[in-house]
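Notes to accompany the following structure.
The values are calculated or read from the model by the stated rules, or taken from the named source; none is laboratory data. Every value quoted in this text rests on a predicted model; they were computed, and no experiment measured them. Areas reflect the complete protein model, heavy atoms only, side chains present, ligands, DNA and RNA absent. Shrake-Rupley method; radii C 1.70, N 1.55, O 1.52, S 1.80 Å.
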Amino acid sequence: MLFYIGFGMQLMGFSSVGLCLFAGLQKGDYGQIELLQLMGGALLFYMGHFVKMKGTDT
């Protein structure tokens, strides 16, 4: 079960970073909101990776 929770967290983090990238490209500049979205998405992605690896240890 932890594997799927971690995988979901990774997907949400990856999509958050992708949305940040496209928002910055559309505006032509990255603001504080995009920076927070980038950092939060990266943190969520790596936390998901940690949770997913914990779920595969049996």
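Output the 0 to 90 degree angle, nearest 10, between the alpha-carbon long axis of helix 2-27 and the longest principal axis computed from the alpha carbons of the chain. So the helix axis and the longest Cα principal axis differ by about 10 degrees.
On a per residue basis, the chain carries 77 Å² of accessible surface, using protein heavy atoms and a 1.4 Å probe. With respect to the chain, whose longest principal axis is taken over its alpha-carbon atoms, helix 32-56 is tilted by about 10°.
Taking a ≥ b ≥ c as the square roots of the eigenvalues of the Cα gyration tensor of segment 5-58, is the shape rounded (a/c under 1.5), prolate (a/b larger than b/c) or oblate? Could the numbers behind the result be given before it?
Numbers: a/c = 5.25, a/b = 3.13, b/c = 1.68.
In terms of gyration-tensor shape, prolate.
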